[in-house]
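Have a look at the structure below, then the notes.
The values are calculated or read from the model by the stated rules, or taken from the named source; none is laboratory data. Model, not experiment: these values are computed from the prediction. Here the Cβ positions follow ideal geometry from the backbone for every residue, glycine too, while neighbour counts run over all protein chains shown.
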Amino acid sequence: MLKRTFLTLCAAGAFAMANAQTQYTIAADKVKAHIQPTMYGIFFEDINLAADGGVYAELVKNRSFEFNMPLMGWKEQKKDGGDGRTEVINRAVERPENAHFIKSYITGDAGFYGFSNEGFRGGMGVKEGEEYSFSVIAKQEGDTNVKLNIELHGDNGDIIGKAELTPTDKEWNRYSVKFKSTATTPKAQLYVWMSGKGVIDLDMISLFPEHTWKNRPGGLRADLVQRLADLKPGFLRFPGGCIVEGRELNNRYQWKKTIGPVDKRENIINRWNTEFKHRPAPDYYQTFGLGFMEYFMTAEDIGASPLPILNCGMACEFNTGELVPLDKLDPYVQDALDLIEFANGDASTKWGKLRTDLGHPAPFNLKMIGVGNEQWGPQYIDRWKIFTKAIKTKYPDVKIVSALGPSPEGKEFDLLNKTFRSLGADILDEHYYAPAKWFRDNARRYDNYDRKGPKIFAGEYAAQSVSTVNPDNKNNWECALSEAAFMTGLERNADVVNMASYAPLFAHVEGWQWTPNLIWFDNLKSYATPNYYVQQLFSINKGTDVVPLTLNNEAVAGQNDSYATASLDKNTNELVIKFVNTSTSAQNVSFKITGSKGYQKQATVTTLKADSKDAENSLTAPTAVSPVESTIDISGNTLKLAVEPYSFKIVRLKNK
Ligand code: AHR
């Protein structure tokens, strides 16, 4: 019970075991449901600087001068008597997708004129001894020969890395140079100095670490992708979220504009730039350096099934709710069909050839696609029908993920739920951002769902410690533990629930708009929240088949404030028990296991617990709440387990 404070109980030494031992039963030979490999996955959205300023490792902000204020992030600089001036040129007619560049006139006989770039949230994270690659697209004008001196400045303005570069051509060309940083700092500044009288045009001024995920040039932050890989996710949903919809249709996500050379990917404002007055982010844009090719490749890298979500001709209904007329939907529908061909087609198809030309001849094995993000209303049903008919006609095996609106109950939910079920939808996407108690109270949500109806994708969920979109929400232990309680219900119903993902995924500690989030980071480091560890433990211990775990012949979903599920792992020949104790009392429990030939004497136990329901992790205490491994002896077919208050335990028993 959460009525008394947990801390008070700890202080009073109230860890004493409950007197009676509760006996649960596991029927290890009675498979109830197969657990899909996709069961636990990842929801990715470029919110909270997740992409630009986050997992996309570009260190320069506004590298191509496409922000509404084209010099945002840049500051004019002069030194040693240098002088000059700069014009922002707009060549939208010729290059609509990358309209702006700068033309600098270097007028000083001596010294240096140039610009510094502030990076993301006041700096660039660089590490001592690591190599960085500076690049620029440039063009000298007339007979000039302007030279570039690149400097990285550390905390006190000291130079911690430098290089020289002289663009030689009179036509646009790309130049690059590498150098090492001599210091580690989260807030380095990049200086681009110009010298030698003349005129030079500059665009796409970029700085990347050489060390990225799989060391791909212009790639992703290795530490952050590793966090995703460590979840062993079954799927990767991308690119969102409301970002798919846009505040208005002009601002929607268009996958075709996010592939190919990065200087040809049209930048747009990030819809989260202006969403919350209490968390303004005027410098939040999308370069799409992390675009659809990178999403597909990341999914492949981390063994996750790709799940792209596409705009269905509707802007975000929390904002403008703009609609594409039904007779003008064709380009939107075509985007979906072309995407499937891009992912799965061979080189004889137009879009399969493009994927091949981009360096990936093998198909991405796309099996699912989302039509719309968090849409609702009859206007969604009208558009959904058109998309579904077109997709199913051409690709009958591709499963369609259909939204059930932003809330797990109410009028809008009921309309979509009823309609899509009657229309034979494949997968229904339910979202729940709700109080921690809702998660505990809803552990039986799926027990009575139609076993023959559509599959469920718990597509976005997170317990809110205060209220939804409240900036004071925390990733605390009570929320994480309540999510664990709820997830036992997802797993117990794995015949209906095929996929689940926490949302949102990433947040920059200095650049977030939404909280709570699964993983927090700054320019150099990151930490996993207690919620992350819950997700991870479910994922890596999901097993292959659910077997009944009962108390008095009933599923365990709240009795004694406990929640539990059991599965077989046929790959490792183990029985996996997950037990969540949300009470402030310790519990002495035992599991009588039937239908088994017995287990090896020692089982492994993983425990996730905290001394307070308010406990959180942080950049300075990243593993305050994190899993601890131990072993336990079992005799015969009965397992006795001492379960601490407010804890989540996983026991793996190996068959004899
Ligand atoms: O996860 C944050 C937002 O919550 C998503 O963009 C949206 O789908 C939901 O409303």
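Key figures for this structure:
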read-out: Residue in the stretch 72-109 that is surrounded by the fewest Cβ atoms within 10 Å (Cβ to Cβ), counting only those that are hydrophobic (A, V, I, L, M, F, W, C) and without any contact (Cβ under 8 Å) to a residue 40 or more places away in the chain; value: VAL93
read-out: Some residue of the stretch 534-556 being in the same structural domain as LYS277 (by TED's automatic domain parsing), within 16 Å of the ligand (Cβ to nearest atom), under 19 Å from ILE302 (Cβ atoms) and part of a strand (DSSP E or B); value: no
read-out: Which listed residue, of ASN493, ASN498, ASN560, is away from the ligand (no atom under 16 Å from the Cβ), surrounded by fewer than 21 Cβ atoms within 10 Å (Cβ to Cβ) and among the polar types (S, T, N, Q); value: ASN560
read-out: Answer from LEU220, LEU236 - the residue that is among the aliphatic types (A, V, I, L, M), more than 16 Å from the ligand (Cβ to nearest atom) and over 21 Å from PRO96 (Cβ atoms); value: LEU220
read-out: All strands (runs of 3 or more DSSP E) inside the stretch 423-523 with 3 or more residues being aliphatic (A, V, I, L, M); value: 427-435, 455-464, 497-502
read-out: Enumeration of residues in the stretch 139-165 that are out of contact with any Ser or Thr (no Cβ under 9 Å at 6 or more places or on another chain), exposed (fewer than 14 other Cβ atoms within 10 Å of the Cβ) and either part of a strand (DSSP E or B) or among the small types (Gly, Ala, Ser) (or both); value: GLY142, GLY157, GLU164
read-out: Helices (runs of 4 or more DSSP H) completely within the stretch 297-410 that count 2 or more residues being within 16 Å of the ligand (Cβ to nearest atom) and aromatic (Phe, Trp, Tyr); value: none
read-out: Answer residue from the stretch 25-62, given it is of a type in the set (S, T, N, Q), farther than 30 Å from PHE115 by Cβ and under 26 Å from the mean Cα position of the chain (by Cα) and is farthest from the ligand (Cβ to nearest atom) among those; value: GLN36
read-out: Criterion violated by SER596 - all others in (1) of a type outside the set (Val, Ile, Thr); (2) assigned to a loop (DSSP other than H, G, I, E, B); (3) closer than 30 Å to PHE506 by Cβ satisfied; value: (3)
read-out: Test: residue in the stretch 505-517 that is in contact (Cβ under 8 Å) with a residue 40 or more places away in the chain, on the phi < 0 side of the Ramachandran plot, aliphatic (A, V, I, L, M) and within 16 Å of the ligand (Cβ to nearest atom); value: yes
read-out: Selection count where residues are within 14 Å of ASN531 (Cβ to Cβ) and in contact with an Asp or Glu (Cβ under 7 Å, 6 or more places away or on another chain), scope the stretch 626-656; value: 0
read-out: Count of the stretch 231-268 residues which are part of a loop (DSSP other than H, G, I, E, B) and either among the basic types (Lys, Arg) or under 13 Å from the mean Cα position of the chain (by Cα) (or both); value: 9
read-out: Test set (1) in contact (Cβ under 8 Å) with a residue 24 or more places away in the chain; (2) more than 26 Å from ASP301 (Cβ to Cβ) - VAL401 fails condition number; value: (2)
read-out: Subset of the stretch 599-656 (residues that are assigned to a loop (DSSP other than H, G, I, E, B), hydroxyl-bearing (Ser, Thr, Tyr) and surrounded by 14 or more Cβ atoms within 10 Å (Cβ to Cβ)); value: SER612, SER626, TYR646
read-out: Meets criteria (within 16 Å of the ligand (Cβ to nearest atom), without any contact (Cβ under 8 Å) to a residue 60 or more places away in the chain, surrounded by fewer than 24 Cβ atoms within 10 Å (Cβ to Cβ) and of a type in the set (A, V, I, L, M)) for ALA425; value: no
read-out: Selected residue (only one of ARG271, ARG279, ARG247 is at pLDDT below 95 and within 16 Å of the ligand (Cβ to nearest atom)); value: ARG279
read-out: Counted residues, the stretch 243-274 - those being hydrophobic (A, V, I, L, M, F, W, C) and more than 19 Å from SER64 (Cα to Cα); value: 5
read-out: Test for LEU202: is it more than 16 Å from the ligand (Cβ to nearest atom), hydrophobic (A, V, I, L, M, F, W, C) and within 20 Å of LYS525 (Cβ to Cβ); value: no
